[in-house]
Structures are given as structure tokens and as C-alpha cells.
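First comes the structure, then the notes that go with it.
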Amino acid sequence: MAFLPVLQTVPIVTRAFTVVIVLLSLILTGLRLSLDDRDVKDVFNGGMDSTLAYPWIVLVPGQAIWKPWTLFISSWVEVNLFEMIFSVLTFVMAGRYLERVWGPTEFLKFIVVVTVASNVIAVAVNIIEHILFQGTGLFLYGMSYHGLMGLQAGFLVAFTQLIPEHQVQLFGGLVKRRVKDLPMIYVAVSNVACIIGYQSPWILIQFGWLVSWFYLRFVKWNEGADFRGDRSDTFAFANWFPPFAQKYVAKLSEFVFSLAIRLRLTEPWAPNDAEAAAYAGVPGGSRAEAERRRAMALKALDQRMASKPPTRPAPAASSEPNSAGLSEVTHASAMPSALSAPNETVFDASQALDMKKERD
């Protein structure tokens, strides 16, 4: 019950999907507990995975074409209490930050794209495996996909874009890692799990990483900018790999990108897009860009003022009130303002005195 007040402080989209995780996970748990041993053996030919009895709530690759809604709702179903608690905690912590930075609409788009696309890729991979292994049935009807692993990988990619140098401390500070290191650690865990035979659902981590990077790199619309994606060099695909492999990955990614341009799958980038991308999609990015441009303008103004010939010295201040006041005014006008326009004319004291005599 203590969790409910905390849940009320999170944004609306995060709150709604947190409730969905709990409800769907409890529904599946109740259904699985209602099966007896005989039913399990009859349905699964030995009863290895009881979730296969419910292809309308989990994603079974061979059933996806008849139950397409499972491409989305299966991501919100966890099969045990530990996974459900872990998914709720990670989703609430990530959602509170990302939804406030992106807004509810963009956050919802990110969720839908990453979950659905990851599951579609998983189904396609299973179909290819079914063909390669000559139709054993294991890859189409013998495994199911469920849970938030793919979206969790996507959250790590999003944090890498927004706060890459932020340090995360675990186990009382014994483990310290930068945020930009976490996605590939998660992908490495997925690789190990797949190698030892746990393709489902661990392979979703790899697909979630790839889909979320592609979406943030090429698709997501940047508020306040006139282009999509993050075109900075620091978010390039090669930077996800170890230094010794980055050169080769960069060449391969450049080839794929140029091929996509020829096929009109994407548009070429303008030269100034990479510079603008450094400030797009990041909290305070527009302010940082404004401060950078202001500093450049002040530097240019200082250089122009330093290159001008010295003006004639102003006459000594007179003891008369009118002359003293005029001297103070003209001296103030001779000091250029750092925020004035570059073409503003600066008058010295003698020019001001001449103008006063003409008026008299």
C-alpha cells in the first residue's frame, strides 16, 4: 500500500502502463495456477512451458499472424512475481524521467515502437530458424515471448543519449558504471543467455537495443528543431562497440546508410545537422545553444573593437555643471555595450560637442 502514493506522483502514461503490467501479470499467473498436471501435459507435450497455453496474452511466433495484438500486450506480461516487481520498478524510474523530458506523446510513441518492432523482429527470426532447421516446430510453437526486457534495453539507450556521463552506483558504491556503458552490458548478458539456450525472452534485449537506437537516431522528431533524430557523432552506431572494432563498424554503417539513401529509405543529412544535434533532445539543449551563440557573438565583438584605431581623447571635464554633465554622458556613450548590435556607431566626446554647437 505504501507504493500507491508514490505511483500517484508519476506522469500519466507511466502510471497507466504500470497498472497494465500488474494486471496482465496477475491474470497470467492466475490462469497458470488453474491448470492441473494433466492439462499441462496434454497441451505442451510434456508441460515445459505453461505460458504456451495462452497464445492470446503471450507472443507465440506461430500464432502471431492470427493474434496480432500479442505483438504489443505480451510485453506487459511477466511470468513470476520477481520479474513483475523488477519490471514495475524499472519502468516507473525510467518513465518518470523520460516522460517529463519528452512529454507523454513522444514517450508513448517510443514505447509502442520499441515493443512492437522488437516482437516483430523476434517472430521473423523464429520463422527463419524454423526454415533453417527444417520445421521441427520448436521455434514456431515451442517458445513464447513476454516481458519488458526489450523496452528496458530501449530505456538504457535513451539514457545514453540524454545523460551519457551520469554515474550509476550499485551495491553501496562497490560497482560504478557510466550510463553509456549499461546498454552493452545488458546486451552482453543477452548474448550469453542465448548461447546457452535461453533465446526466449532474452533475445528481445538485442532487438530492443537496435530498435531504440534506430528510432532515436533517425525517426524521433526533435522539438524546436527542423530535423529528425540525433545526428551527433557521439551517438553513432560505431560508438557502441569496443575501440578496436569501431573503425570497421563505422565503415559498414556508412555503407548501409548510403545504401538506404539510394533506396530512398532515408534522407541525406545536411552539414549543419550534426552540430545542431548536439543540442537537440537534451534537457536545456536550446539554452545551451543560445549561450554558445551569445559567447561567439561577444568574442567577435571584442575582436572588432580591438582592431579599431583608438579614438581621440575626450577633453577634460569642466567645472561648470552643464559641461560636467555632458562629459559624463559622452564618456558613457563611448563605452560599447557587449550586447549592442555590431553595426552600432560609437561617438567620441568631440563629435558630441560639435553636434551641441550646431544645435545652439
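Bear in mind that the values in this text are calculations on the coordinates, not laboratory data. Everything quoted here is computed from the prediction, not taken from an experiment. Note: ideal-geometry Cβ built from the backbone for every residue, glycine included; neighbour counts use all protein chains shown.
Between the C-alpha center of region 237-265 and that of region 105-130 there is a gap of 22 Å.
What do you get for trypsin sites (Lys or Arg not before Pro) in region 63-146 restricted to DSSP loop and a cutoff of at most 11 other Cβ within 10 Å of the site's Cβ?
Numbers: sites: 96, 100, 109; in loops: none.
Those that pass, being in a loop and sparsely packed, number zero.
Measuring against 25 Å, Cα to Cα, the residue pairs 67/109; 176/247; 109/180; 109/251 contain 176/247; 109/251 as the ones spanning a longer distance. Quick one: net charge around residue 12, please, counting Lys, Arg +1 and Asp, Glu -1 for every other residue with C-beta under 12 Å from its C-beta. Taking every other residue near residue 12 into account, the sum is +2.
So if we plug the beta-carbon distance of residue 255 and residue 22 into 1/(1 + (r/R0)^6) with R0 = 56 Å, what FRET efficiency do we get, rounded to 0.05? Don't skip to the answer; put the middle values down first.
Working: r = 45 Å, r/R0 = 0.81.
With a Förster radius of 56 Å, E is 0.80.
For residue 178, the residues whose modelled amide H falls within less than 5 Å of its own, excluding neighbours fewer than 5 places apart on the same chain, are 168.
Given +1 at the Cβ of Lys and Arg, -1 at the Cβ of Asp and Glu and no other charges, the dipole of region 2-161 around its Cα centre is 420 debye to the nearest 20. For region 214-253, the set of trypsin sites (Lys or Arg not before Pro) satisfying both a DSSP loop assignment and a count of at most 10 other C-beta atoms within 10 Å is empty. Please work out whether region 2-161 counts as rounded, prolate or oblate from its C-alpha gyration tensor, where a ≥ b ≥ c are the square roots of the eigenvalues and a/c under 1.5 means rounded, while otherwise a/b larger than b/c means prolate and anything else oblate? It comes out oblate by the Cα gyration axes.
Kindly provide the GluC sites (Glu not before Pro) of region 96-186 that DSSP labels as loop, not H, G, I, E or B, and whose Cβ sees at most 11 other Cβ atoms within 10 Å. The qualifying sites are 165.
Report the net charge of residues surrounding residue 164, where surrounding means a beta-carbon distance below 12 angstrom and charges are Lys +1, Arg +1, Asp -1, Glu -1.
So the environment of residue 164 carries a net charge of 0.
Put simply, the amide H of residue 59, placed in the peptide plane, has neighbours under 5 Å in 145, leaving out anything fewer than 5 places away on its chain.
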